[in-house]
Amino acid sequence: MIANDPHTIFVCQGTGCVSLRSSAIQKALEQEVETAGLAGSVQVKLCGCHGFCEQGPLVAIEPEGFLYTHVKAEDAPQIVREHLRDGRPVERLFYRDPLTRSAVPYYHDIPFYKKQMRLIMRNCGHIDPERIDDYIDAGGYEALRKALLEMTRDEVIEEVSRSGLRGRGGAGFPTGRKWAACRRAPGEPKYVICNADEGDPGAYMDRSILEADPHSIIEGMVIGAYAIGASYGFIFVRAEYPLAVDRLRIALRQAEERGFLGDNILNSGFGFSIDIDRGSGAFVSGEATALVASIEGWSGEPRPRPPRTAEAGVWGKPTNINNVKTWAKVPLIIERGAEWFASIGTEHSKGTMVFSLSGKVRNTGPVEVPMGTSLRSLIFDIGGGIPGGKALKAVQTGGPSGGCIPAELADVPVDYERLTELGSIMGSGGLVVMDEDTCMVDVAKYFLSFTMQESCGKCVPCREGIRRMHEILVDITEGRGQEGDIELLEQMGETIIDASLCGLGGSAPNPVLTTIRYFADEYRAHILEKRCPALACKSLVSYYIEPSKCQACQICLRSCPVKAIGGGKDQVHVIDQAACTRCGTCFEVCPPRFGAVTRLSGMPVPVAPPLEERLVARAR
């Protein structure tokens, strides 16, 4: 029987799995282990996000590494009795390869995990984030011990500098240089901040790490504070992340109880404490100076630079700000050395990056790969490709301030320099996959609508410029585009980038400029031909019922929400184009075996077929 040896059942309790009632799964497993008399040899623990969100709720059995997918509370008896008591794993709960349909029992054999290099996410899914002993057993706080007791402040900064670590929250500024600048800056006290204000649509990497491995961020911050000479720190986290906040609070309390935070950490004479500051969810608060203003109690609005936050941040004192993923890397660099870290990645972009893989891809979730990995590998080797047999069209990197990269450039290695050359950015790691049905003009409009709403309004180029660009895109997608609009968008975008006060306005035009750069034909089709090639812009799409295929079944007629379809039981149905709202309901409900409703690219023409074509022969 397997249960003769110690086993741990890890139940994913990340936000995604919690929303699917994974808490009930854990309770059911705990009860079943007790009932089966296995409490002495089997532990049931919660863990954070595994990353394989598409397959949740997830349950892992360690030490073998079995992974069960789409688990329900009622599966608990079979998992405990058959697998842990009798040694017969439950095959029906294994992940199945979408192509071969073969069962894959171990998570390390699943391509989604096999193709990754999980350094930042090293503990995600493998420890209980609410138990500090789990983190310590995994080697946690050993890097802090080494830094405080064996290294000088200069040696810590030098190690981080030689590693080539760059900030994982935006522009990729060298971390060691930032730390050194803050340490040199006059003024006391000094502060360090963890920027966990993750505001990109579809991005949840930082949240997943905070929920799954909060101690790695705390350890990294204490090491950084020691090197810089800071005595106080903040974790600035979105209020929309309640689970992350709860686990951070638990971790901070435990770290202080064990002597990893407080007045005299590890008897080194160095003292440091951390407070949690909950952001209100404003996207612009992720910008350094706006974040500082928010911590100080002001509205999260950016200010001109210089001075930079390293010189004058929180309450005018030197302040160092790094992202969640950057802090999580620091303990590894101190533990394993700069040379080890620098050996991973590309010449100028070292280490790994965590991406939030989302959009039109089979496997969504946070994934971690070495810098220099191609977009194609991310999408097809890890993400499992595009569902429905569709073709890849574009990839948007860097969140709403990033750019859209066409499929023909999917083999380009992803690092800071190459993405900049392509007109995009790394950002915090958002990665949205788009298939052939995506309209790139509509995508640009969507991301611009987000940044327009999130602009603080402090500077005119951002406040007014983005709004005007959005108005032009609305006109183009609704059939009112004019010749010269493309050139006007390009001119306005470049002006906004040059003149905006902060990074929000300075990067907001990127989705527009890159879609024009790579998909200009799509813009011209909207403007000159009044049609949407992707059949996505409602105002440029019409629906038509082919008389020869219509069976007069009245399904579309009864389903139309605005009663724009006419015809009777024995008559071909007709769409009143003037009344039609182009919602697509008729297209969706028409039985595939009939295929009578056709979707056409182009502005609708309110014309009905002749009466004789609308009559259906009773003989049919």
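At least 1 residues being outside the structural domain of G139 (by TED's automatic domain parsing) is the threshold, and among the strands (runs of 3 or more DSSP E) wholly inside the range 267-381 those reaching it are 352-359, 365-370. Comparison of E471, E417, E408 shows that the only residue that is without any contact (Cβ under 8 Å) to a residue 12 or more places away in the chain, part of a helix (DSSP H, G or I) and outside the structural domain of R517 (by TED's automatic domain parsing) is E408.
Applying the selection to the range 496-522, what residues are of a type in the set (D, E) and either at pLDDT 95 or above or within 20 Å of G430 (Cα to Cα) (or both)?
D521, E522 - these are the residues of the range 496-522 that are of a type in the set (D, E) and either at pLDDT 95 or above or within 20 Å of G430 (Cα to Cα) (or both).
The residue list I235, I209 contains one member that is among the β-branched types (V, I, T), part of a helix (DSSP H, G or I) and touching a helix residue (DSSP H, G or I) at 6+ places or on another chain (Cβ under 9 Å), which is I209. Close Cβ contacts (under 9 Å, 6 or more residues apart or on different chains) running from residues in the range 520-536 that are closer than 9 Å to G481 by Cβ to residues that are part of a loop (DSSP other than H, G, I, E, B) and among the hydrophobic types (A, V, I, L, M, F, W, C) comprise H526/C439; H526/C532; H526/C537; K530/M603. Comparison of G465, G479 shows that the only residue that is modelled with pLDDT under 95, assigned to a helix (DSSP H, G or I), over 13 Å from K445 (Cβ atoms) and not assigned by TED's automatic domain parsing to the domain that holds L431 is G465. Candidates E487, E454: the one that is of a type in the set (D, E, K, R) and modelled with pLDDT of 95 or more is E487.
Picking from A499, A508, which residue would you name as being in contact (Cβ under 8 Å) with a residue 24 or more places away in the chain, buried (at least 19 other Cβ atoms within 10 Å of the Cβ) and of a type outside the set (D, E, K, R)? After ruling out the rest, the residue left standing is A508.
The lone criterion from (1) within 23 Å of A328 (Cα to Cα); (2) of a type outside the set (K, R); (3) surrounded by fewer than 22 Cβ atoms within 10 Å (Cβ to Cβ) left unmet by G427 is number (3).
Just to check your reading of the model, which residue among T8, T35, T15 is among the hydroxyl-bearing types (S, T, Y) and within 30 Å of A203 (Cβ to Cβ)?
The unique qualifying residue is T15.
Quick check: anything in the range 249-272 touching a Pro at 6+ places or on another chain (Cβ under 7 Å) and not aromatic (F, W, Y)? Yes: one or more hits.
Conditions (1) without any contact (Cβ under 8 Å) to a residue 40 or more places away in the chain; (2) in the same structural domain as G87 (by TED's automatic domain parsing); (3) buried (at least 24 other Cβ atoms within 10 Å of the Cβ), marked per residue:
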site: C17; (1), (2), (3): no, yes, yes
site: R21; (1), (2), (3): no, yes, no
site: E32; (1), (2), (3): no, yes, no
site: S41; (1), (2), (3): yes, yes, no
site: H50; (1), (2), (3): no, yes, yes
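What's the number of the only condition in (1) under 14 Å from F234 (Cβ atoms); (2) in contact (Cβ under 8 Å) with a residue 60 or more places away in the chain; (3) surrounded by fewer than 23 Cβ atoms within 10 Å (Cβ to Cβ) that P304 fails to meet? Only one criterion is unmet by P304, namely (1).
Residues considered: G372, G337, G399. Of these, the only one that is surrounded by fewer than 23 Cβ atoms within 10 Å (Cβ to Cβ), in contact with a Pro (Cβ under 9 Å, 6 or more places away or on another chain) and not hydrophobic (A, V, I, L, M, F, W, C) is G372. All of K458, K445 fail the test of being in contact (Cβ under 8 Å) with a residue 40 or more places away in the chain and of a type in the set (K, R), apart from K458.
Quick check, is A251 in contact (Cβ under 8 Å) with a residue 40 or more places away in the chain and either part of a helix (DSSP H, G or I) or aromatic (F, W, Y) (or both)?
Details: in contact (Cβ under 8 Å) with a residue 40 or more places away in the chain: yes; either part of a helix (DSSP H, G or I) or aromatic (F, W, Y) (or both): yes.
Yes, satisfied.
Specify which of the listed residues (I79, I61) is of a type outside the set (D, E), at pLDDT 95 or above and out of contact with any Phe, Trp or Tyr (no Cβ under 7 Å at 6 or more places or on another chain).
I61 is the lone residue from the list that is of a type outside the set (D, E), at pLDDT 95 or above and out of contact with any Phe, Trp or Tyr (no Cβ under 7 Å at 6 or more places or on another chain).
The values are calculated or read from the model by the stated rules, or taken from the named source; none is laboratory data. The structure displayed is predicted, hence computed values, not measured ones. With ideal geometry, Cβ positions are generated from the backbone for all residues, glycine too; neighbour counts draw on all protein chains shown.
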